[in-house]
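Peer 1: Dropping a structure here in structure tokens format, bear with me for questions.
The values are calculated or read from the model by the stated rules, or taken from the named source; none is laboratory data. Quick caveat: nothing in here was measured; it's all calculated off a predicted structure. Note that we place each Cβ from the backbone using ideal geometry, even for glycine, and neighbour counts take in every protein chain shown. Protein only, heavy atoms only, side chains kept; ligands, DNA and RNA dropped before computing areas. Shrake-Rupley method; radii C 1.70, N 1.55, O 1.52, S 1.80 Å.
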Amino acid sequence: MAAEAAVDAGELKRGAIVVGIDDNEHSFYALQWILGHFFAGGGAGYKLFVVHAKPNPTSVVSIGGPGAANVLPYVESDLKRIAARVIEKARELCVANSIKDAVFEVVEGDARNVLCDAVEKFNADVLVVGSHGYGVIKRAVLGSVNDYCAHHAHCTVMIVKKPKHKNKH
């Protein structure tokens, strides 16, 4: 009802785009691609939500031997530092592209669940993720956040693949 009132009042209802990022060049390429294609000129039609899934320290370290629990605070500290660096780099990309109202969020958990939950939380029209370019076997062994999101997110999922650069002779 509020959305209808906003449209009646002449306000433009903005769609939502969630971009999942992590600490690799493929996710930052996807963010840059989205900024250039959907937000050029301010992106008035969309609201941007940038989400980083910070792994739980216990999922990174297998707890098994004596002293393993002593490592967890160091792992947690590193994960927080990485998350801060990822968000800062994303923020810099947004500012460089004149996007000043993007929302940045770090959520602890498995990236597949974090991104699908973000789609629901922000009522996203599109979820954008970068492609790592894994082959079939590596994707089958490691699992794929992209594959999971494509099957479980309740919106369009855009997988942005970084083009391979060809050498000129």
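Peer 1: Among the residues of the range 86-120, which ones are without any contact (Cβ under 8 Å) to a residue 24 or more places away in the chain and assigned to a loop (DSSP other than H, G, I, E, B)?
Peer 2: Result: K100, single match.
Peer 1: Sticking with this one: Mind checking which residues of the range 18-39 are polar (S, T, N, Q) and open to solvent by 10 Å² or more (accessible area, probe 1.4 Å)? Give the steps one after another, and end with the answer.
Peer 2: Here is the first cut: in the range 18-39, the residues polar (S, T, N, Q) are 24, 27, 32.
If the condition is that a residue be polar (S, T, N, Q) and open to solvent by 10 Å² or more (accessible area, probe 1.4 Å), then N24, Q32 are the ones that fit.
Peer 1: Does the range 40-64 hold any residues that are open to solvent by less than 40 Å² (accessible area, probe 1.4 Å) and at pLDDT below 90, and which are they? Explain how you work it out, then say what you get.
Peer 2: Restricting attention to the range 40-64, the residues satisfying the condition of being open to solvent by less than 40 Å² (accessible area, probe 1.4 Å) are 42-43, 45, 48-54, 57, 61.
Once the filter is applied, which keeps residues that are open to solvent by less than 40 Å² (accessible area, probe 1.4 Å) and at pLDDT below 90, the range 40-64 yields G42, G43, G45, P57, V61.
Peer 1: If you scan the range 82-108, which residues turn out to be modelled with pLDDT under 95 and among the basic types (K, R)?
Peer 2: Answer for the range 82-108, where residues must be modelled with pLDDT under 95 and among the basic types (K, R): just K100.
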